[in-house]
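Everything on this sheet refers to the single structure shown next.
Coordinate-derived values only; no laboratory data. Predicted model only: the values in this text are computed from it and were never measured. Here the Cβ positions follow ideal geometry from the backbone for every residue, glycine too, while neighbour counts run over all protein chains shown.
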Amino acid sequence: MGSVSEYFSSLGSGILSLLKGMKVTGKEFVTPKITECYPENRTEHKWPERFRAQLKFIYDGEGNHKCIACQNCERNCPNGTISIETKMVTTMQGTKKKKLVKYHYDLGSCTFCQLCVTSCPTGAIEFDNDFEQAVFTRSKLVKQLNYLPEKEEPEPTPEQLAQIEAERQAKIAEAKAKAAAAKAAQGGASNATPDKTEENK
Ligand code: SF4
Ligand code: SF4
């Protein structure tokens, strides 16, 4: 008798388990599919904005970028993915500043940590979501991000430089003269002040 009740009990739990499984399967039948049919959906699929595929320069409509060649991104990259070539130029004020020549980015070694983007003081770089980057050789993964020709900065002529230098020297001489006069005035004042130790004698 006991074995008959055990038989029906295990049959009932088996049917219950089967129904539970069928419920899960049935639910999956009606759940919207999340599998992407790539590449068939290439044209209509919207990739998430936050997806990081590769680093790029931000150019405005006139072909200008905001990179000031400070090399913060290069220093902060943990993988040595960024390599920046710079040159020194003279500004119209006669001072020297670094200017970007080439900005190289090796997509093959990038871990998409975004430290470069967050450390950029001018917001010159960002990630885009163009993920189709398959190539046949690793060297092709090294990209020059400043792909447009770098615009030349106005530089002073030798005459303008000479004038800037003359003005600078004149300012230095004026400052020195002022400092010497102030020192002399201070010395005269201290000589004119009676010595209190002498007075007390
Ligand atoms: S995302 Fe990270 S690894 Fe990639 S270039 Fe920027 S700092 Fe380097
Ligand atoms: S991209 Fe930004 S952090 Fe990198 S060199 Fe240019 S200005 Fe500096």
Computed FRET value (nearest 0.05) for LYS176 with LEU141, which takes r as the C-beta separation and R₀ as 45 Å: 0.20
Principal-axis tilt of helix 2-30 within the chain, Cα atoms, nearest 10 degrees: 50 degrees
Neighbour cut-off at most 14 other Cβ (10 Å), DSSP loop, trypsin sites (Lys or Arg not before Pro), region 17-69: LYS33, ARG42, LYS46, ARG50, LYS66
Exposed-site-free run, longest, the chain (rule: chymotrypsin sites (Phe, Trp or Tyr not before Pro); DSSP loop; at most 16 other C-beta within 10 Å): 148-201
Where GluC sites (Glu not before Pro) fall in DSSP loop in region 54-158, at most 16 other Cβ within 10 Å: GLU62, GLU132, GLU150, GLU152
Centre separation in Å (Cα based) which lies between region 10-74 and region 104-145: 20 Å
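Can you tell me how much longer the chain between GLU150 and PHE29 gets when fully stretched, taken as 0.36 nm per residue apart minus their C-alpha distance, in nm with one decimal?
Working: separation 121, 0.36 × 121 = 43.56 nm, distance 5.64 nm.
Computed gain between GLU150 and PHE29 is 37.9 nm.
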Disulfide-incompatible cysteines by the Cβ rule (no partner under 4.7 Å) in the chain: CYS37, CYS67, CYS70, CYS77, CYS110, CYS113, CYS120
Computed lengthening from GLU6 to THR122, 0.36 nm per intervening residue step minus Cα-Cα distance: 34.2 nm
Region 131-171 residues near the modelled ARG42 label - backbone nitrogen below 15 Å, point 7 Å along Cα→Cβ: 131-135
Trypsin sites (Lys or Arg not before Pro) within region 150-191: DSSP coil, no more than 13 neighbouring Cβ in 10 Å: LYS151
Selected from CYS37, CYS77, CYS120 as most flexible by GNM, with the chain as the system and alpha-carbon contacts under 10 Å: CYS37
Helix axis angle, 158-192 relative to the chain longest principal axis, alpha carbon, degrees: 60 degrees
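Over region 59-183, calculate the relative contact order: mean separation of alpha carbon pairs under 8 Å at least 6 apart, over the residue count, as a percent. Working shown, then result.
Numbers: 134 pairs, mean separation 32.3, N = 125.
Result for region 59-183 is 26 percent.
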